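The values are calculated or read from the model by the stated rules, or taken from the named source; none is laboratory data. Everything numeric here is computed off the predicted structure, so don't read it as measured data. Counting neighbours? That spans all protein chains shown, and the Cβs are built from the backbone with ideal geometry, glycine included. These area figures cover heavy atoms from the full protein model, side chains too; ligands, DNA and RNA do not enter into them. Shrake-Rupley method; radii C 1.70, N 1.55, O 1.52, S 1.80 Å.
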Amino acid sequence: MDWINTYVSVLKRYVAFEGAANRVEFWKYTAVSCVVIFVLAFVDGLLGTCMLVPVYWLATLLPSLGVSARRLRDAGLSPWWLLLGAIGLGIVPFVMCILPSKQANA
């Protein structure tokens, strides 16, 4: 249930790009989001459509960017690294989200 609460709290703070998000918050949100995408893709396959996943992706774009920006800031990096996703290098900021928190390094 904690995973769902974390996911919902990220969705509620969908325009919060300030502050920091620890690794647990980021990865719980990412894991639940992946499960939702797999379920929606399965339902899309059963229905013979391809609309549910793109609609979900658009609906969660801002919360995903927000939690990613907060996670990068917590790791001591600039959220501007997320722009690499616009040119097809989105794996770089994704890997940067694995880094430990800045406070843990001190």
Test result for Leu58, assigned to a helix (DSSP H, G or I), touching a residue at least 24 places away in the same chain (Cβ under 8 Å) and surrounded by fewer than 16 Cβ atoms within 10 Å (Cβ to Cβ): no
Candidate set: the stretch 3-13, residues that are of a type outside the set (Val, Ile, Thr) and open to solvent by 40 Å² or more (accessible area, probe 1.4 Å); chosen: the one nearest to the chain's Cα centre (by Cα): Leu11
Pick from the stretch 79-95, criterion within 19 Å of Phe17 (Cβ to Cβ) and of a type outside the set (A, V, I, L, M), ranking: least open to solvent (accessible area, probe 1.4 Å): Pro93
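For (1) aromatic (Phe, Trp, Tyr); (2) at positive phi; (3) modelled with pLDDT under 90, each residue gets a yes or a no:
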site	(1), (2), (3)
Leu11	no, no, no
Gly48	no, yes, no
Val55	no, no, no
Val67	no, no, no
Leu82	no, no, no
Val95	no, no, yes
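Each row is one residue, and each column tells you yes or no for (1) of a type in the set (Val, Ile, Thr); (2) open to solvent by 50 Å² or more (accessible area, probe 1.4 Å); (3) touching a helix residue (DSSP H, G or I) at 6+ places or on another chain (Cβ under 8 Å).
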{"site": "Met1", "(1), (2), (3)": "no, yes, no"}
{"site": "Val15", "(1), (2), (3)": "yes, yes, yes"}
{"site": "Trp27", "(1), (2), (3)": "no, yes, no"}
{"site": "Val32", "(1), (2), (3)": "yes, no, yes"}
{"site": "Ile37", "(1), (2), (3)": "yes, yes, yes"}
{"site": "Leu52", "(1), (2), (3)": "no, yes, yes"}
{"site": "Ser64", "(1), (2), (3)": "no, no, yes"}
{"site": "Ala69", "(1), (2), (3)": "no, no, yes"}
{"site": "Cys97", "(1), (2), (3)": "no, no, yes"}
